[in-house]
Amino acid sequence: MRILGSGEFFGETDRLFQVTEGLSVGVVRHDRHLTLPRHRHELARICVILSGSMSESHGSGFEEFSSDWILFWPPGVIHEDQFGSSLNRTLQIEFTHSFYVDKIASYFPKNSPSPVRTGALEDAVPHLCTELLRSEKPIPLAIEGAIYELIARACRLRRTAMPHSFQVQQARSRSSTCILRKAFALLISRRQSERRGRSSIGCSRRSWDAP
């Protein structure tokens, strides 16, 4: 089984840009109908399918993806790939082990890839591609910020897809909070009515409370 290190991909790398010490980005072209043998990547990565299509086989799972998908891969997952019949290009974002562990591991799946639709992340992917493909020299800070934005939006999306039981629990919590607010508003209204009543008969709070 082939183990791919930093910057190693099956296919032809159009450009490989070292953003920071722990972060690199590369655009990779894959031949039509290319089938890749079982392999794994040493580093965690994000695979953005820019064009074409591909199928992934990992563990007991098999999935097919087109150009509107992004895959978040934890390090070391054994898998096989097969690319489609059209022009296949992927954007590969790799993270060194220390960068991954220190900064983003908690936002990634643990044992298998996590797919997310590009459109669900709003303009995060176009923003990143714009920064990478500028005619002038790319600005590392801008690219790093765009990648963080992409990760954050994907994380927010996963967190909003809560289990039903948790949604019910939250609904009950909101209902209880609403009841408490109504009760508190009613209590304030009653106190204000009492104060207006005292004022109308010319009594101060001290005289009103006096025996």
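Across the range 74-91, the residues whose backbone nitrogen lies under 18 Å from the label position 7 Å along the beta-carbon direction of ASN111 are 74-80.
Label separation (ARG40 vs GLU21): 2.7 nm, computed from points 7 Å beyond Cα along the C-beta direction.
List the relative contact order of the range 47-152 as a percent without decimals, with contacts defined as Cα pairs under 8 Å and 6+ residues apart. Show your work: numbers first, answer last.
Working: 139 pairs, mean separation 28.6, N = 106.
Computed value for the range 47-152: 27 percent relative contact order.
Counting Cα-Cα pairs of the range 1-133 in 5 Å increments starting at 0 gives whole-percent bin shares of 2, 10, 20, 26, 24, 14, 4, 0.
For the range 13-97, the set of GluC sites (Glu not before Pro) satisfying both a DSSP loop assignment and a count of at most 11 other C-beta atoms within 10 Å is given as GLU21.
Note on VAL101/ARG32: beta-carbon distance plugged into 1/(1 + (r/R0)^6) with R0 of 41 Å gives a FRET efficiency of 0.65. Taking each residue as 0.36 nm, the span from TYR148 to ARG134 lengthens on full extension beyond its C-alpha to C-alpha distance by 3.2 nm.
With Cβ to Cβ distances under 15 Å as the rule, what net charge do the other residues near THR160 carry (K, R +1; D, E -1)? After counting each charged neighbour, the total is +4.
None of the figures in this text is laboratory data; all of them are computed from the coordinates on show. This one's a predicted model, so the numbers in the text were calculated from it and none came from an experiment. Please note: Cβ atoms are built from the backbone with ideal geometry, for glycine as well, and neighbour counts cover all protein chains shown.
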